[in-house]
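Heads up, the thing below is written out as structure tokens.
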Amino acid sequence: MAGTTTGTVFQLKDIKLDALNHILRTVQTEFDRLAGLSGDVRFRDRVETPVLRATGTAGAPSLHVVEGYGLLDRYAAVPTFEFQRANGTLAAPSQVLSGETLGSLHFRGYHSTGGGGAFPTTNSATIQAVAAETYTSTAQGGHLTLQTTPIGSTTSAERIRITEAGNVGIGTTTPAATLHIASGYGLVDRYAAAPMLTLQRANGTLAAPSQVLSGETLGALHFGGYHSGGAFPATNSATVRGLAAENFTSTAQGGHLSFRTTPVGSTTIAERVRITERGDVGIGTTTPGFASSAGRNYLSLIGSTSLGVLELATNAADADGVGLGQVMFIDVLNSGGGAQQRSAGIQGILSGTTALNRGGDLQFFTKADGGSGIAERMRITEAGNVGIGTASPAASALVDMTSTTGALLVPRMTTTQRDALTAVNGMIVYNSTTGAFNGRAAGAWVAL
């Protein structure tokens, strides 16, 4: 059966006989107007055999619908639109070769060029299936590509590929993993809830998964860079990993985080920081909290070949008295909140007049019982003078104690205890046996 319009031939082949009369009755008037079709044309059948098959030659459409749309209805089965390709001819078809297009969906829009306008010969967007190998009766691998055209251009380019192995490439035609994003970045938006990226691991297989075991990696973020040898490295420059801290059950799923980096001049990555399942933080160690106790959390710093160092600093402008860093001890249950929760603290400050090379003081703070905040109780100056009850100890005093409510209390002991000391000239004690102060001078104890 054939319907002919100006310059275009439409062919219908393989129409099932029991549907032919229905088609002729319902759409005969539409076939008379195929070249300028208006309205909807619907072909329905309840069988597997295609109701409509359009066969054409390269470059010439076999079916052209104007002012309409297509609709597939099917009952008790899935409606399907199939693309099938063969090389050769209709009379003598031959196999599809690797890299050949199996079928495409092209999307175009009418443009305004030259004041007249036309549909373009290029596509604004395309979904295309491509053969991934030369086809045989047992080997028919294929992949999908999605193409778009940039704004201000007529040249489309592939943006996404789903390979025959199931890998998804965004910006690359050769994805090396399940999801491979090249020359771009990922963004996750979510509204009325937190956006998430979830990494989940199971042992076994998809059909028969099994539990994760202690020490196994649950998921990882790897970071690497293209090197001068002309490739991306097989190793990682930095890594964030989640690891199982126990064998997983429905009620026990402890885990910890591991942070790894690679030193300058090396390709060997090493763990630098670990946050354990207890919340302890180890820097330079995977087991922070050497003498851990229940209910406590630890921050452990261990140098690889020397001591661990905790540094506190500020970017504030250089000036006498500027704070460099604090260690504060907080009473989290204090009902007053804010400054009232600070029970004690230590602070380092700049001290002196030499700009950009000042000395440093250490301040020690405590809060009185029922008090509203901490107050400075002791200071060690940049010269090493110790002030107790004063923030400015006398320069000639190694220890300067200032108070109107307290006194210096020297050690109290018996004569026997005094004589058991490894005595040094200049010592002062209160001798409770004689009821007198004793001082050490010229190698002997004398009464003061």
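Numerical summary
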{"read-out": "Residue in region 202-221 that is under 23 Å from the mean Cα position of the chain (by Cα), more than 22 Å from Glu277 (Cα to Cα) and at pLDDT below 95 present", "value": "no"}
{"read-out": "From the options Val327, Val322, residue that is under 30 Å from Ala270 (Cβ atoms) and modelled with pLDDT of 95 or more", "value": "Val327"}
{"read-out": "Leu199 vs. criteria closer than 29 Å to Gly225 by Cα, in contact (Cβ under 8 Å) with a residue 24 or more places away in the chain and assigned to a loop (DSSP other than H, G, I, E, B)", "value": "yes"}
{"read-out": "Answer from Ala394, Ala368 - the residue that is more than 30 Å from Asp331 (Cβ to Cβ) and either out of contact with any strand residue (DSSP E or B) (no Cβ under 6 Å at 6 or more places or on another chain) or not basic (Lys, Arg) (or both)", "value": "Ala394"}
{"read-out": "Filtered residue count, region 339-373, keeping only those that are among the charged types (D, E, K, R) and farther than 22 Å from Asp318 by Cα", "value": "3"}
{"read-out": "Verdict on Thr134 being assigned by TED's automatic domain parsing to the domain that holds Leu105, in a loop (DSSP other than H, G, I, E, B) and either in contact with a Cys (Cβ under 8 Å, 6 or more places away or on another chain) or modelled with pLDDT of 95 or more (or both)", "value": "yes"}
{"read-out": "Only listed residue being loosely packed, with under 11 Cβ neighbours inside 10 Å, more than 27 Å from Arg260 (Cα to Cα), under 30 Å from the mean Cα position of the chain (by Cα) and modelled with pLDDT of 95 or more, chosen from Asn357, Asn315", "value": "Asn315"}
{"read-out": "Some residue of region 253-275 being part of a loop (DSSP other than H, G, I, E, B) and touching an Asp or Glu at 6+ places or on another chain (Cβ under 8 Å)", "value": "yes"}
{"read-out": "Which listed residue, of Phe223, Phe259, Phe248, is among the aromatic types (Phe, Trp, Tyr), buried (at least 17 other Cβ atoms within 10 Å of the Cβ) and out of contact with any Leu (no Cβ under 6 Å at 6 or more places or on another chain)", "value": "Phe248"}
{"read-out": "Segments classed as strands (runs of 3 or more DSSP E), wholly inside region 147-192, with at least 2 members that are among the charged types (D, E, K, R), in contact with a strand residue (DSSP E or B) (Cβ under 7 Å, 6 or more places away or on another chain) and on the phi < 0 side of the Ramachandran plot", "value": "157-162"}
{"read-out": "Verdict on Ser292 being closer than 19 Å to Leu221 by Cβ, surrounded by 14 or more Cβ atoms within 10 Å (Cβ to Cβ) and hydroxyl-bearing (Ser, Thr, Tyr)", "value": "no"}
{"read-out": "Filter result for Leu90 (more than 26 Å from Gly171 (Cβ to Cβ), without any contact (Cβ under 8 Å) to a residue 60 or more places away in the chain, of a type outside the set (Asp, Glu) and in contact with a Ser or Thr (Cβ under 6 Å, 6 or more places away or on another chain))", "value": "no"}
{"read-out": "Enumeration of residues in region 100-149 that are touching a residue at least 40 places away in the same chain (Cβ under 8 Å) and exposed (fewer than 14 other Cβ atoms within 10 Å of the Cβ)", "value": "Thr136"}
{"read-out": "Positions within region 262-283 being within 20 Å of the chain's Cα centre (by Cα) and surrounded by 14 or more Cβ atoms within 10 Å (Cβ to Cβ), in sequence order", "value": "Thr262, Ile269, Glu271, Arg272, Val273, Arg274, Ile275, Thr276, Glu277, Val281"}
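The values are calculated or read from the model by the stated rules, or taken from the named source; none is laboratory data. No experiment lies behind these values; they were computed from the predicted model shown. Note that each Cβ is placed from the backbone with ideal geometry, even for glycine, and that neighbours are counted across all protein chains shown.
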